[in-house]
Amino acid sequence: MAELIDGKKISTLIQEEIRVEVSAIKNNGGKIPHLAAVLVGNDGASETYVGAKVKACENIGFKSTLVRLAESTTEQELLMIVEGLNKDADIDGYIVQLPLPKHINDQKIIEAIDPKKDVDGFHPQSVGRMALNLPTYLPATPFGIVQLLERYKIETAGKHCVVIGRSHIVGSPMSILMARNAYPGNCTVTLCHSRTPNLKEHTLKADILIVALGKPEFVTADMVKDGVVVVDVGITRMTSDKTKSGFKLFGDVKFDEVAAKASFITPVPGGVGPMTIASLLMNTLKASKKEVY
Ligand code: NAD
């Protein structure tokens, strides 16, 4: 039976480490890290995510600023807000919560963010620096996965890592990170996606399997070899009559049967998910300490 990779525990630990560091910065009269978040419109899920980020900042002693804008905000108006945040010397880093309303081009906004303050790691300069293995802000989910592998001391050098999914926020950056000449990394990487034939032939060769396709319980025991390390990124909310809330979260991996063969596995919920906030806070601390630029 696999050892559980406990993302909730590691996320709490990282936040506690940052809290202690911020407290020392405060005591020495240093600058308190300051994260801003821009929320456009009233999307319920986005409100929840941004609310959780602001609350996490408060808990660890960061300053936080929430910029709430109406759904009707124009692209030009948002670009001006972004310009203002770029110039605001007190703000170390900021995020613009995605997705934006349909009349605003997400990519245009991402590219207007000063890369020095790009704590979401989505700016093309951040992505390019990641590919070149230069200091940068890693996007939250990949940074969280890297932290989990590191904290559980999972050996990666010389291993075969198979990534399922090539999205810009998870699969694609994970394939780059696992192949880089660093720890975690130094893997031989196979990146699979919706056009990959005979997927099982690849997954059966994986020493480390990172699954991010968004299809509940897609990976089954017959698709993995004994001893595999499984990172399940998928989160799908489905109705259930077995829970009080009427909903249950499913990962992309059929947990019980795959866990019986794996050496390590991330659960859903409680695996990769809780790490995203810790990653954002780590990036903001880096920005405040000018560790990247
Ligand atoms: P996406 O929809 O942008 O990308 C899915 C990828 O899966 C695509 O690249 C596609 O080519 C690939 N794919 C689809 N069907 C496939 C198949 N049958 N075989 C092989 N590849 C296939 O998804 P995403 O944004 O990367 O998210 C993936 C999952 O991870 C979702 O469930 C999402 O909710 C979850 N997610 C979780 C976190 C977290 O914090 N835990 C963060 C981001 C995303």
Give the residues of region 97-148 that are open to solvent by less than 10 Å² (accessible area, probe 1.4 Å) and acidic (Asp, Glu), sorted by residue number. Asp118
Answer with yes or no whether Asp207 is surrounded by 19 or more Cβ atoms within 10 Å (Cβ to Cβ), touching a residue at least 60 places away in the same chain (Cβ under 8 Å), of a type in the set (Asp, Glu) and within 29 Å of Met130 (Cα to Cα). no
Looking at region 1-14 only, could you name the residues that are open to solvent by 40 Å² or more (accessible area, probe 1.4 Å) and either part of a helix (DSSP H, G or I) or basic (Lys, Arg) (or both)? Lys8, Lys9, Thr12, Leu13
Hits in region 24-45 - residues which are surrounded by fewer than 17 Cβ atoms within 10 Å (Cβ to Cβ), among the small types (Gly, Ala, Ser) and either at pLDDT below 95 or not in a loop (DSSP other than H, G, I, E, B) (or both): Ala24, Gly44, Ala45
Could you give every pair whose Cβ atoms fall below 8 Å, whose first residue belongs to region 227-245 and is open to solvent by 70 Å² or more (accessible area, probe 1.4 Å), and whose second residue is more than 16 Å from the ligand (Cβ to nearest atom), counting only separations of at least 6 or pairs across chains? Thr239/Gly246
State all residues of region 208-264 that are within 23 Å of Cys187 (Cβ to Cβ), within 12 Å of the ligand (Cβ to nearest atom) and either among the basic types (Lys, Arg) or modelled with pLDDT under 95 (or both); if no residue qualifies, say none. none
Looking only at region 46-65, filter to residues that are open to solvent by 50 Å² or more (accessible area, probe 1.4 Å) and of a type outside the set (Val, Ile, Thr); which one of those is nearest to the chain's Cα centre (by Cα)? Tyr49
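The values are calculated or read from the model by the stated rules, or taken from the named source; none is laboratory data. Please read these numbers as outputs of a predicted model, since none were measured by experiment. Positions of Cβ are backbone-derived with ideal geometry, glycine not excepted, and every protein chain shown enters the neighbour counts. All accessible areas refer to the heavy atoms of the entire protein, side chains included, with ligands and DNA or RNA removed. Shrake-Rupley method; radii C 1.70, N 1.55, O 1.52, S 1.80 Å.
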